[in-house]
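Each remark here refers to the structure printed beneath this line.
The values are calculated or read from the model by the stated rules, or taken from the named source; none is laboratory data. If you're wondering where the values come from, they're calculated on a predicted model, not measured in any experiment. For neighbour counting, all protein chains shown are included, and Cβ atoms are generated from backbone atoms with ideal geometry for every residue, glycine included.
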Amino acid sequence: MSERFWSLLNELWVLKTLAFAMMVGSVMALIERSGGVDGLVHELSTKRSLVTSKRAALMPSFIAGIIIFIESSITSLVAGAIGRPFCDRYGISRAKLAFVCDSTSAPVCSIIAINGWGALLLGLIGGQIAAGLILGEEARWLISAIGYNFYAYITLIVTFVTIWYNIDIGPMKHAIVVEPSIECEDDKGSLGLFVWPMVWMVGGVLVFMLITGNGNLLKGSGSTSIFYTLIVTLLLTFGYYRAKNAMNSKDFLSATLQGAKTMVPIASILLLAFAIGGVTSDMHVGQFLASFIGDYLPSPYLPAAIFILSAIIAFATGTSWGTFSIMLPIAIPLAVGLDAPVALAMGAVISGGVFGDHCSPISDTTIISAMASGCSVQEHTKTQLPYALISAGISLLLFIIVGLLIA
């Protein structure tokens, strides 16, 4: 384990991820100290009267999570930054905000796959086409599989219903709530101090994905794009804040360092999560679990079994992408051999991977959603689990029903 831990520090993508976590803390601290958060609250609550209740407080985060589908980490970060002031203002727990961030990051990215998710899935499907197991175009198979991505669709519906009806179940009923701050000084700050750093973060990822992918968004590097995006965002934010006299150079540097410092525990958790995921991968956990599925399984129930198996692997490894890489080359030949619907089996892999990743305490999206929302990883994992299990139960039932109908 110790060798795995230290070897990770030689991986460039790991170092970039840790650096991006620290820089995110800096950006969040700068936005808050400059008055950008107060400006956002004033704009949406007082000036436009769009957020005036508990029900409305989480909707901006939910909408942002759906609109921003380029990269799951950026989705969580932006949704968390938007939602924090409103949660505090209306007495909503940070854990519930983390649930919204997490439930709209990976699920949305796995549905609107014009991103790295799509690139990975297209590559894996293409490998099966090249092997002669299935015929046709990768894009057509991917679109068909996304149509059966039941968990992602159900999760978005469950999240919306939870927000709209203010539903708290299980541990969420006892989640820590910051005291409501209705008397917030809305007239301070400027909306631009919040909006522009967000625009640079989202737009920067898109630009660098195109650059690293040589003009192809689907081939871009997510970790590299986020790393360079945050460097550019910090530089542009410095120039903008100085031009607006929002902060002097000393205050800017102080907030940058203080924000990065607050992310040290999160960066440590991320590093440990990568190490644990690597160990489980080296142990071939996925292949071992997949050995339980064989010719004895009736083909109508294969998609449901694949969904469960993919979820277990994703939960154990903390990665949906790793699960896709393990399970698609297993699920497609199984579906072909048992004469089961191949696209449905693919959809089961995607759904199971997203579900397991959604619940896993060592998943990067789980950790980043907690970080962006300002709650502990433990509280976030514990409070969102009942909602994820409800979505998973409905999804499993759908896989069984559809499997029986079209087998």
Original post:
Is it the case that the range 82-89 has a residue that's surrounded by 24 or more Cβ atoms within 10 Å (Cβ to Cβ) and either touching a His at 6+ places or on another chain (Cβ under 9 Å) or of a type in the set (A, V, I, L, M) (or both)?
Top reply: yes
Subject >> Set A113, A56, A98, A19: member being of a type in the set (G, A, S), surrounded by 21 or more Cβ atoms within 10 Å (Cβ to Cβ) and part of a helix (DSSP H, G or I) >> reply: A98
Original post:
Quick one: how many residues across the range 206-223 are at pLDDT below 80 and under 20 Å from the mean Cα position of the chain (by Cα)?
Top reply: 7
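Determine which member of the set A57, A79 is at pLDDT 80 or above, under 12 Å from T104 (Cα atoms) and out of contact with any Leu (no Cβ under 7 Å at 6 or more places or on another chain).
Being at pLDDT 80 or above, under 12 Å from T104 (Cα atoms) and out of contact with any Leu (no Cβ under 7 Å at 6 or more places or on another chain) holds for just one of A57, A79, which is A79.
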**OP:** Would you please list the contacts, defined by Cβ atoms under 6 Å and residues six or more apart or on different chains, that run from a residue in the range 26-49 that is in contact (Cβ under 8 Å) with a residue 12 or more places away in the chain and among the polar types (S, T, N, Q) to a residue that is in a helix (DSSP H, G or I) and crowded, with 21+ Cβ neighbours inside 10 Å?
**Re:** S26/T256; S26/G259; S34/L193; S34/Y241
**OP:** Determine if the range 337-352 includes at least one residue that is closer than 20 Å to G132 by Cβ, modelled with pLDDT under 90 and part of a helix (DSSP H, G or I).
**Re:** yes
Original post:
Just wondering, is there one or more residues in the range 132-141 that are modelled with pLDDT of 85 or more, more than 25 Å from T381 (Cα to Cα), assigned to a helix (DSSP H, G or I) and of a type outside the set (G, A, S)?
Top reply: yes
**OP:** Filter the range 125-168 for residues that are more than 16 Å from S103 (Cα to Cα) and within 22 Å of the chain's Cα centre (by Cα) and give the result.
**Re:** L142, I143, A145, I146, G147, Y148
**OP:** Would you mention how many residues in the range 359-395 are at pLDDT 90 or above, of a type in the set (G, A, S) and part of a helix (DSSP H, G or I)?
**Re:** 8
